[in-house]
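Accompanying notes for the structure given below.
Coordinate-derived values only; no laboratory data. For clarity, every value in this text was computed on a predicted model and none was experimentally measured.
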Amino acid sequence: MNSASSIKCKTRELARRYQVALHRHLTQEAATNLDLAARLGRLAVTLELETLDLALIHEEALIVETAPIPAFADRDRMIRQAGVFFAAAILPMEETHRTALAANANLTRLNQTLNQRTQALAASNRRLKREVTR
């Protein structure tokens with residue numbers, strides 16, 4: 001099995017687990033289900049999924065859950081509950097993005113410092129060459 005098909009298989013498994021966890025959240029309203037949502041979000045991070053990928057998994061799971069509900073008020077309540085679950089699921093992804101942004105900003109600062117020191121070293125080397133020539 002190549003890497004791409006392995007990721008696809010793991011993504012399908014994540015979607016299946018997400019569907020089950022969302023169903024449990026919508027029917028039990030237990031806070032522990034939000035912990036499960038966060039674990040699924042961390043799994044999505046390890047699979048290198050983007051937030052949009054998880055949003056599509058959420059949308060598909062939500063359609064399955066709300067399609068058979070005829071009453072608008074009940075469906076609206078479920079959608080709000082599902083939104084809470086989704087927010088918990090994407091939190092690990094957003095934290096990863098924030099961490100990456102902070103690391104990138106730090107790397108940019110380090111590169112600027114390195115460039116400044118490289119320019120100072122080059123100027124110092126030019127001065128030394130002039131001194132040696134004299």
* region 3-133: relative contact order as a whole-number percent, Cα under 8 Å and 6+ apart -> 30 percent
* Asked: Stretched out fully, how many nm does the piece from THR113 to THR46 gain, at 0.36 nm a residue minus the Cα gap?
  -> 20.8 nm
* To do: Express in % the proportion of alpha carbon pairs of region 3-133 at distances exceeding 18 Å.
  => 64 percent
